[in-house]
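Data first, discussion second: the structure below is written as structure tokens.
The values are calculated or read from the model by the stated rules, or taken from the named source; none is laboratory data. These numbers were taken from a predicted model, which means no experiment stands behind them. Ideal geometry is used to build each Cβ from the backbone, glycine not excepted, and the neighbour counts take in all protein chains shown.
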Amino acid sequence: MSKSPVVSFRNTALIFWGENPIRTVYLGTFPLWGAVPALTISGVMFPTVEVNSDYNESVLADGGLTPYLYSLEGSWPAGITIGSSTGIISGSANTPGVYDNLSVRVRDARGYKAYLDEFTLTVTD
């Protein structure tokens, strides 16, 4: 007897054990990732924004396996959020200050993560 993928679709294979379809045992669904490019994230953040003014930036993931899940890392100013499926950072910061060690994380369907280089955002009056 041998293992053989019987059905494959969307980077997944259904694996069965046995040569006779009537006596075949279903072993499970396994991902077929093969040579998937490394997950990366890119984007440029403006270093300064005025309090209560619109902040609109975006990051872009590449490689890995979709779908992607984006999140903000660090202590971002209140009022700034990220679209978890789009990577669009938007809102208006409502508290002046200097916000250090900020980043954006992306996670792919396999759970791999990539981070934007840390930066500082200054919110001015």
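Quick notes on this structure:
- The residues listed here are Asn11, Asn52; of these, the one that is on the phi > 0 side of the Ramachandran plot and at pLDDT 95 or above is Asn52.
- Scanning segment 82-125 for residues that are at positive phi and outside any strand (DSSP E or B) yields Gly87, Gly111.
- From the list Arg105, Arg110, the one residue that fits, being of a type in the set (D, E, K, R), at pLDDT below 95 and within 30 Å of Val36 (Cβ to Cβ), is Arg110.
- Residue match in segment 64-78 (condition: exposed (fewer than 13 other Cβ atoms within 10 Å of the Cβ), modelled with pLDDT under 95 and of a type in the set (S, T, N, Q)): yes
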